[in-house]
1. Please give the length that would be gained between GLU220 and LYS268 if that part of the chain were fully extended, namely 0.36 nm times their separation in residues minus their C-alpha to C-alpha distance (nm, one decimal).
2. Can you list the aspartates and glutamates whose alpha carbon is less than 16 Å from that of LYS329, not counting same-chain residues fewer than 8 positions off?
3. Kindly write out, for the stretch 210-227 in residue order, the coupling ³J(HN,Hα) from the Karplus curve 6.51 cos²θ - 1.76 cosθ + 1.60 (θ = phi - 60°), rounded to whole Hz, with x marking Gly and Pro.
4. Show the residues, 5+ positions off or on another chain, whose built amide H is closer than 5 Å to the amide H of PHE194.
5. Taking the alpha-carbon distance from LYS196 and a cut-off under 16 Å, which aspartates and glutamates remain once sequence neighbours fewer than 8 residues away in the same chain are dropped?
6. Could the peptides 286-292, 147-153 be put in order, highest first, of the mean number of other beta-carbon atoms found within 10 Å of their residues?
7. If you rank SER48, SER317, SER206 by fewest surrounding Cβ atoms within 10 Å, what's the result?
8. With +1 on each Lys and Arg Cβ and -1 on each Asp and Glu Cβ, and nothing else charged, work out how big the dipole of the chain is about its Cα centre, in Debye to the nearest 20.
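Values in this text are rule-based calculations from the coordinates and carry no lab data. The structure displayed is predicted, hence computed values, not measured ones. As a convention, Cβ positions derive from the backbone with ideal geometry for all residues, glycine included, and neighbour counts pool all protein chains shown.
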Amino acid sequence: MKYLLTEEQKMIVDICRKIVDERIVPVRAEMDEKAIFPGEIIKEIAKSDLFRLFIPEEFGGMGTGIFEICLATEELSRGDLSVATTYAASGLGAIPIMISGSVEQKKKYLPQLASGEKLAAFGLTEAEAGSDVGNIRTTALKEKDFYLLNGTKQWITNGGEADIYVIFAMTDPKKGIRGASAIIVEKGIPGFEFGKKEDKLGIRASATRELVFTDCRVPEENILDKEGMGFIIAMKTFDQSRPVVGSQAVGVAQAALEEALGYSKVRKQFGTHISSFQAIQHMLADMAINIEAARALVYHAAKVIDSGEKNISRLSSMSKIFASDMAIKVTSDAIQIFGGYGFMKEYPLEKMMRDAKITQIYEGTNQILRNIIALDMIKRGVI
Ligand SMILES: Cc1cc2nc3c(=O)[nH]c(=O)nc-3n(C[C@H](O)[C@H](O)[C@H](O)COP(=O)(O)OP(=O)(O)OC[C@H]3O[C@@H](n4cnc5c(N)ncnc54)[C@H](O)[C@@H]3O)c2cc1C
């Protein structure tokens, strides 16, 4: 959808579309089957300056907003959600540095992320701390001029591939959630190792790994903001990143609709194209309506965030929930339009549905986000 976009925004969409058509679509099935990390495609995305969208101008970025990031992510997701997840997760790792990093930290890390020379990752989840982030057990205990990191993070996107990790750990375990801090950890330092790449239902080409810290010494200057700010930094990061997950869902649903529409015009049964059956037409129409509604909500949330509004948790959560629930329905209906062929791996539909599922889970499950919306409404009323 290119309406109401500026020339610059249309250019972002066109660049992504070219990468999708030329570089992603021809290899996505193989990447999925063999779980191949899309390293070369990520380099191409970097060469096209798309990582600069995440970063302010003074640190080598383009100083655009969440809206432009959503446009790029939506288009990349039309091609392949593993690629889009890899791209968006680097942005997710960069946000804590942007919102709470010192000028020195920003100068050191953001230009490398803007160029795409290095990827970032966001390390919060642990085996016993998924939705319940207050239960993290990884510790970062202060000793002299460093923090001693011990613990294991689970299911971290870009794990092993990224060079810059924002890790959430307890600097004061007695204080519970108020004792959590965010700290930048660079790949390659002693005591920091990776687990195997996870074998997953969907986004199989994206890298999801354990991060293992054993007496890992991280310089004290790597702490973001100050001790005890970890939970707030994590929540502020998600407020900005959740519409981007929404845009992933919109992109994969759009791809499924395009496939289903095309197929309905060539598949013949009872002597006529299945697109002539009203049952099929209505499914296609409903898919288009729901995609457009989700897109509108995602774009609106992104624009509200870019306007500088502070209370964004509710809207940001709504956009992710609506778009991801929509993507599951639309990708499933697209398979229905393909009939049995949709169930086969020769067609991209079953992969789209497998990929879409993650958008309901990561960066806060849709149940947790409904809790956030309800609690915010109870506190601040219906806006
Ligand atoms: C492919 C993949 C990539 C990921 N990437 C990252 C990453 O880069 N960084 C990172 O830190 N994490 C990452 N995660 C982790 C992800 O954010 C968590 O899986 C998610 O937050 C849910 O946690 P959980 O899986 O432990 O589920 P649980 O918290 O155990 O939840 C299980 C079920 O219970 C429900 N539930 C739990 N608590 C409540 C409640 N209070 N009210 C109602 N329902 C509730 C949940 O909605 C869910 O349905 C990734 C996960 C996956 C699968």
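1. Values: separation 48, 0.36 × 48 = 17.28 nm, distance 6.66 nm.
Gain in length upon complete extension: 10.6 nm.
2. GLU258, GLU259, ASP286, GLU292, GLU350, ASP355
3. My calculation for the stretch 210-227 gives 7, 10, 10, 10, 10, 6, 8, 8, 10, x, 4, 6, 7, 5, 8, 6, 9, 4 Hz in order.
4. It is VAL212, by chain and number.
5. GLU126, GLU161, GLU210
6. Values: 286-292: 17.0, 147-153: 20.1.
Result, highest mean Cβ count within 10 Å first: 147-153, 286-292.
7. SER48, SER317, SER206
8. On the way: 48 positive and 51 negative charges, 132 e Å.
Approximately 640 debye in magnitude.
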